[in-house]
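Working notes, beginning with the structure itself.
Every number in this text was worked out from the coordinates using simple rules, so none of it is lab data. Remember, predicted model here, so these are calculated numbers, not experimental data. No Cβ is skipped: glycine too gets one built from the backbone with ideal geometry, and neighbour counts run over all protein chains shown.
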Amino acid sequence: MVFDGQVDHLIVSTGGFDLATPKAVQVVADRGGSGPLEGMRAACETLGPEAAEIVVFAAVDAPFLPSDYVRRIASTAGDRGAAFAAYGESFYPTNSAWRLETLRKQLAACKPDDGPKVLLRKASASRLDWKDQSGHDPFANLNTLADLIALQRRAPDPFGNQSAPAL
């Protein structure tokens, strides 16, 4: 797992549904609604004053995050206050890192219709592109059946065959 040994605290925010996770993972429900900003709020409220200075977020439906994701995005956010992941022309505002104080300030000032893109823009977040690092989009996520098929083709075969079986 990308976060193993790279984070002090791992939180998964859900839309209020039960989720089975390893014991080291803390599950929190979104506060007052659902969506990425509610998950970010839930994480901020869960983290106490002793929390790390940098908070890293990743979409739960992106199975191929790069192994250097946490290190690179946290370093960039530490320099600028906030950073988000990109792959060429595609960008992923839910895959981001923030100085905790910057995030709390942006969340407190956001309007009900704001989303992660608005917060990142207002924070003058850095775009961190992995295009030169990977032959495939490591942030591709799963929203449709077509996404599932495409991502399945990239997944390693659990039986050790040379290529994953076609659906």
Task: Cut-off 12 Å between beta-carbons: net charge of the residues surrounding residue 105, Lys and Arg +1, Asp and Glu -1 - done: +2
TODO: For region 45-57, take each phi angle, set θ = phi - 60°, evaluate the Karplus expression 6.51 cos²θ - 1.76 cosθ + 1.60, and give the result in whole Hz per residue in order, putting x for glycine and proline.
DONE: 5, 6, 6, x, x, 8, 5, 4, 5, 10, 10, 10, 10
Open item on the list: If you take every DSSP beta bridge fully contained in region 10-154, what fraction is antiparallel? Give it as a percent rounded to 5.
Closed with: 55 percent
Task: Placed amide H near residue 29: partners under 5 Å, 5+ positions off or other chain - done: 14
- [ ] Return a single number: how many Lys pairs in region 10-154, at a sequence separation of 8 or more or on separate chains, have alpha-carbon atoms below 24 angstrom apart.
- [x] 4
TODO: Write down the radius of gyration of region 10-154 and its Dmax, each obtained from C-alpha positions, in Å.
DONE: 15.1, 43
TODO: Fewest Cβ neighbours within 10 Å first, please rank 144, 102 accordingly.
DONE: 144, 102
